Structures are given as C-alpha cells and as structure tokens.
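Reviewing the structure listed below.
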Amino acid sequence: DAGVIQSPRHEVTEMGQEVTLRCKPISGHDYLFWYRQTMMRGLELLIYFNNNVPIDDSGMPEDRFSAKMPNASFSTLKIQPSEPRDSAVYFCASKGAGNLLNTEAFFGQGTRLTVV
Amino acid sequence: LAKTTQPISMDSYEGQEVNITCSHNNIATNDYITWYQQFPSQGPRFIIQGYKTKVTNEVASLFIPADRKSSTLSLPRVSLSDTAVYYCLVALSGNTGKLIFGQGTTLQVKP
C-alpha cells in the first residue's frame, strides 16, 4: 500500500476563497483523522471518522470548516471562506480497528496551506 | 482522555542513550501508552506502545512503572537522524479510537 495520500501537498490561496483538501486512507482502515498543525497550537485533532461516519467533530474550529467521507477510500476537508489564520499544515491519518490494542495511526505527508 | 506532561525540549549527543519521561497521573485502567515521532516536514510516526512493565522493539524501549502514572521512552545510542519531536499519548485502546497529541518533546541530537 502507498500509505495515506494527501493532495495537494501545497496550497496557496487568497483570503475568502474556498479550499478543499483531500485524503485517501490506507485500504482497509476503519478510522480517519484530520489534524491541523501550527507552531502556536501544535497538533490539533479537528475531526475523526469511523466507518465513514463522523464520530467527533468538536475540534473543528468554526462553521467555515467541514469534512466529509463519502466512502471508505476518500475524505475531504473544506474551508469556506478561508482566512489567513487558517494557514497551517493539515494532516490526514488512518488507523485500522484491528484488535483492541491498536493505537497505531498512519499519517500522510500533509498539506501546507497558506492563505494570503 | 488522560492529560500528559513531558519536557518541551532535550539535548543530547550522538551515541548517548536518551530517556524521555512522560507523566500521566490520571491514566485510566483501560488506557494504553503510545509514543510517536515526528521529523520536520513529515507526519508523526508510531514508535511504540505499551500497557505496563517494559516493551522493546527495534527502535526504542518503553518503561512503565507499576502505578502507570508515568512512562519513559528510551532511545539507545542516538544519532543525528533521531532529532525529532516525540509525543506521548494516552489512548483508550481501540474503543473510541481518538488520538490526542500533546505538545511533545523536541529532541536535538548534536554531533
């Protein structure tokens, strides 16, 4: 498997524009996570899905952020409208349910978003 | 989820053993302790996980005392390439699936 694949790797957009980040999890994984990382706030969990269903979106900063997982092999994180303070690296990660001991998540390379 | 506390930064030299301790005073009976490593410009990577006593793999060892209120990640004979941020997580295994990262420890290995 190629691992978790995120696109694009870099995105530069103007304030007010819509931004869509994409993620393809590892095949067979049941969990998908979206994180945001900044110097000031560290690595924040935004939302996570289990079997394509959003389980906890309490980390989504505001209504401008939305995430979907239409099927087991694809998820999107959308920001509309984007603001400069949304500039960060966004990571997608997936994890298999496996056995109850499983806390090993696999991360993508991230999308570096810059909103100007 | 149990809150974790770990040093913000540590320095070491090549060839030394590095021990990073994480405290998790409120750990629950069903919680497991997991450590991740993050290199610059990459996503975090799972290193090791344990419940009690000692766990060892090809990358590191994890020491967990009987009360489980702390854990120590041990990296033997570090090299420059071990310079990274190390995160300690306490996660309820498998159940909620939620993984929360704290501030991490930035390890700087010097020649």
Scan the range B:14-35 and tell me whether some residue there is without any contact (Cβ under 8 Å) to a residue 24 or more places away in the chain and more than 12 Å from B:S70 (Cβ to Cβ). yes
Within the range A:78-96, is even one residue over 16 Å from A:T111 (Cβ atoms), in a strand (DSSP E or B), out of contact with any Cys (no Cβ under 7 Å at 6 or more places or on another chain) and not charged (D, E, K, R)? no
Just the residues that are within 11 Å of chain B (Cβ to nearest Cβ) and modelled with pLDDT under 95, please, taken from the range A:7-31. A:H29, A:D30, A:Y31
Would you point out which residue out of B:P76, B:P65, B:P111 is free of Cβ contacts under 8 Å to residues at least 12 places away in the same chain and not polar (S, T, N, Q)? B:P65
Which of the numbered conditions does B:D67 fail, given that it passes all the others? Conditions: (1) open to solvent by 10 Å² or more (accessible area, probe 1.4 Å); (2) within 13 Å of the chain's Cα centre (by Cα). (2)
Inspect all residues belonging to the range B:30-48 and state whether any of them is away from chain A (no Cβ under 12 Å) and over 18 Å from A:F106 (Cα atoms). no
Matching residues, the range A:88-116, being over 26 Å from A:I26 (Cα atoms) and open to solvent by less than 40 Å² (accessible area, probe 1.4 Å): A:V115
Taking the range B:7-21 only, how many residues are closer than 14 Å to B:F63 by Cβ and under 14 Å from the mean Cα position of the chain (by Cα)? 4
Pull up the range A:61-105, narrow it to residues that are closer than 15 Å to A:L43 by Cα and at pLDDT below 95, then point me to the one that is nearest to the other protein chains (Cβ to nearest Cβ). A:A105
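For (1) without any contact (Cβ under 8 Å) to a residue 12 or more places away in the chain; (2) part of a strand (DSSP E or B); (3) of a type in the set (D, E), each residue gets a yes or a no:
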residue: A:I55; (1), (2), (3): yes, yes, no
residue: A:G59; (1), (2), (3): no, no, no
residue: A:E104; (1), (2), (3): yes, no, yes
residue: A:T114; (1), (2), (3): no, yes, no
Any chance the range A:42-65 includes a residue that's aromatic (F, W, Y) and touching a Pro at 6+ places or on another chain (Cβ under 8 Å)? yes
Filter the range A:39-53 down to the residues that are within 7 Å of another protein chain (Cβ to nearest Cβ) and assigned to a loop (DSSP other than H, G, I, E, B) and list them by number. none
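Out of the residues in the range B:80-111 that are part of a strand (DSSP E or B) and open to solvent by 60 Å² or more (accessible area, probe 1.4 Å), which is nearest to the other protein chains (Cβ to nearest Cβ)?
Filtering the range B:80-111 for residues that are part of a strand (DSSP E or B) and open to solvent by 60 Å² or more (accessible area, probe 1.4 Å), the one nearest to the other protein chains (Cβ to nearest Cβ) comes out as B:T106.
Here is a yes/no grid of residues against (1) under 27 Å from A:G59 (Cβ atoms); (2) open to solvent by 40 Å² or more (accessible area, probe 1.4 Å); (3) touching a Leu at 6+ places or on another chain (Cβ under 6 Å); (4) more than 11 Å from every other protein chain (Cβ to nearest Cβ):
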position	(1), (2), (3), (4)
B:T5	yes, yes, no, yes
B:G50	yes, no, yes, no
B:S61	no, no, no, yes
B:V78	no, no, no, yes
Would you say B:T29 is assigned to a strand (DSSP E or B), out of contact with any Gly (no Cβ under 8 Å at 6 or more places or on another chain), over 15 Å from A:N102 (Cα atoms) and not basic (K, R)? no
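The values are calculated or read from the model by the stated rules, or taken from the named source; none is laboratory data. Note that the structure is predicted; figures quoted are calculated from it, not measured. Neighbour counts are summed over all protein chains in view; Cβ atoms, including those assigned to glycine, are modelled from backbone coordinates with ideal geometry. To get the accessible areas, we keep the full protein, side chains included, count just its heavy atoms, and leave off ligands, DNA and RNA. Shrake-Rupley method; radii C 1.70, N 1.55, O 1.52, S 1.80 Å.
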